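The values are calculated or read from the model by the stated rules, or taken from the named source; none is laboratory data. Predicted model only: the values in this text are computed from it and were never measured. Neighbour counts are summed over all protein chains in view; Cβ atoms, including those assigned to glycine, are modelled from backbone coordinates with ideal geometry. Areas reflect the complete protein model, heavy atoms only, side chains present, ligands, DNA and RNA absent. Shrake-Rupley method; radii C 1.70, N 1.55, O 1.52, S 1.80 Å.
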Amino acid sequence: MIYFLASIAAIAGFLFGYDEGVIAVARPLLEKDFPMTPLVGGFMTAAVPLGALVGASLAGRITDRYGRRRVLMAAAALFAVGALIAAGMTATWILVAARLVLGLAIGVAAVTAPLYIAEAAPLAIRGALVSTYQLAITFGILVSYLSGLVITGDGDWRAMFALGAVPGVLFLIGLIFLPESPRWLVLRGWSDKARSSLQHLRGAGTPVEPELDEIVRTARAEAGQKHSYAALLAPTIRPALIVGMGLFFLQQLSGINAVIYYAPEIFHHAGFDSGKTQVLATIGVGTVNFVTTILAMYLIDRMGRRPLLVLGFVGTAATMLLIAFAVLNPALVPDWVVIVALLLYIASFAISIGPLPHVMMSEIFPLNVRGPGMSMASISNWGFNFLVVFAFPLMLAGVGLAFTFTIFAIICIGGILFTLARVPETTGISLEAIEAHLKSGRPFVSLRRPAPASAT
Ligand code: BGC
């Protein structure tokens, strides 16, 4: 059951990736029918991150009030409606409105889906299950790139947009068969419903009392505490807020979406003039992103969050610097080095900086502020996503590729220091134990996996 739940919730991730990637391939066809000024075109593209920013800011309160499952059902309906309006649009403003609606659904779901998975997952596979969400994002990006390879006729952009309605409807149908999050039910005081939800998730015959007891104990200890955004600033909670928002700041400023949205242009700048080579290399980017995320899912609960993060930031910094060097010294470095370095950059991202902020934002916040905390982390994700996607073409024109990539590399080096100084190790630690450590006032970064009990 838990695998079914994780797969259904991950459809939200697929839609996140699909709606990010589809505009890159749909836009050239779309502009033949609806010519746009750069300003209108830019706003139409940015409408998704903008809507997502709003959705993410509202999601915490809505999901704490109405429940994870019901909120995801509403988002699923918005995904389907937004996709159909975009496909049938007759004027540019309608498309802008449709993309704002899609963005809203993405923002709400980007907070709620990983939370829903984390709250329902058994401890041992929590990290791997939450990272199915990231895998689904990368799969959505890959499918949208591939749709650009397959659907190439005039007017076919309508088909590309309409395709997004299919996973939206599947998502809604799947949710009908799923139970509500047991942790949310406890939070509302419905222990009996929580027990049957947990039993449903763990399978008949599996004892669920110890797990339920711990959830109830934590919820009781929290009764009467503040659930507001202001509570996130309390001295004991603030370290979690810094980690949650900081990791997404670093994820976005690592330059990932410059590559995801503008890969063909980057290859063009690096000296690959053939459109076909650019498209194939872009599909290479999408494929490496997807495949490496599978490897990440295997490593996350084994290697630990901190070592993986350091590995990711070292890899992204080194490859960005290599590309900057190659672009500045074309005579010294053969062209293919840029493609290999960019693929290695994507691999370093996908093994670590891609999934880990999503995994950790669902782990580090105490139950009573988990909704607002995850909203703040998602606001950081979408706000900086918007910033990078908007600023990259301007930086390319202003200071050039090498300089821009050097800035990204410096931020990645900052990521190594941030991880060492601030990020706790949450691998193998229950959500309740993470919360207890945070509230104890000891430095958050000192949280460590307990040593395995000796065999004697
Ligand atoms: C990020 C997205 C990014 C994607 C690439 C996600 O973790 O939040 O902004 O496009 O990874 O795979």
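Each residue of the stretch 1-55 gets 83 Å³ once the volume of the Cα convex hull is shared out per residue.
Rg/Rh for the chain (Cα atoms only, Rh after Kirkwood) is 0.97.
Structural descriptor for the chain: relative contact order 23 percent, calculated from alpha carbon pairs under 8 angstrom and at least 6 residues apart. Percentage of Cα-Cα pair distances in the stretch 296-371 greater than 14 Å, rounded to whole percent? Of all Cα-Cα distances in the stretch 296-371, 66 percent exceed 14 Å.
For the chain, the fraction of 1.4 Å probe accessible surface lying on carbon and sulfur atoms is 72 percent. Distance between the 7 Å Cα→Cβ label points at S228 and L58: 2.2 nm. In order along the stretch 167-178, the Karplus-derived 3J(HN,Hα) couplings, from 6.51 cos²θ - 1.76 cosθ + 1.60 at θ = phi - 60°, round to x, x, 5, 4, 4, 4, 5, x, 5, 4, 8, 9 Hz, and Gly and Pro are given as x. What the phi angles of the stretch 277-287 give under the Karplus curve with 6.51, -1.76 and 1.60, with θ = phi - 60°, is a coupling list of 4, 4, 5, 5, 5, 5, 5, x, 4, x, 6 Hz, glycine and proline written as x. The stretch between F325 and I94 holds 78.8 nm of extra length on full extension. This uses 0.36 nm per residue minus the Cα-Cα distance.
Annotation: aspartates and glutamates with alpha-carbon distance below 18 angstrom to K193 (same-chain offsets under eight excluded): D64, E119, E180, E209, E211, D213, E214. Ranking A204, S348, G168 by how far each Cα lies toward the positive end of the dipole of the chain (charges on Cβ) leaves A204 at the top.
The mean accessible area for residues of the chain, using a 1.4 Å probe and ignoring ligands and nucleic acids, is 39 Å² per residue. The sum of -39500 (n - 2.57) across all DSSP H runs of n ≥ 4, divided by the residue count of the chain, sets its helix-only mean residue ellipticity at 222 nm to -26000 deg cm²/dmol.
In this Cβ point-charge picture (+1 for Lys and Arg, -1 for Asp and Glu), the chain has a dipole of about 1100 debye about its Cα centre.
Stretch R238-Y298 to full length: gain in nm at 0.36 nm per residue minus the Cα-Cα span?
Separation in residues times 0.36 nm, less the Cα-Cα distance, equals 18.6 nm.
Take the Cα of R422, go 7 Å toward its beta carbon, and the backbone nitrogen atoms of the stretch 374-404 under 19 Å from that spot belong to 374-388.
Taking all C-alpha pairs of the stretch 35-106, those more than 20 Å from each other amount to 32 percent. Computed as a quarter of the hull surface, the mean projected area of the alpha carbon convex hull for the stretch 83-211 stands at 10.0 nm².
Calculate the length of the line joining the C-alpha centroid of the stretch 328-400 to that of the stretch 65-111, in whole Å. With the stretch 328-400 and the stretch 65-111 each reduced to a Cα centre, they are spaced 24 Å.
With both labels modelled 7 Å from their Cα along Cα-to-Cβ, the H269 to L84 distance reads 4.1 nm.
Globularity index of the stretch 356-437 is 1.41 (Cα radius of gyration / 2.2 N^0.38 Å, N = number of residues). Taking each residue as 0.36 nm, the span from V166 to S430 lengthens on full extension beyond its C-alpha to C-alpha distance by 91.4 nm. For the stretch 311-456, place one equal point scatterer on every Cα, skip the solvent, and apply the Debye formula. What is log10 of I(q)/I(0) at q = 0.09 Å⁻¹? So the normalised log intensities work out to -0.40. Calculate the tail of P(r) for the stretch 1-155: the fraction of all Cα-Cα distances greater than 26 Å, expressed in %. Cα-Cα pairs of the stretch 1-155 separated by over 26 Å account for 28 percent.
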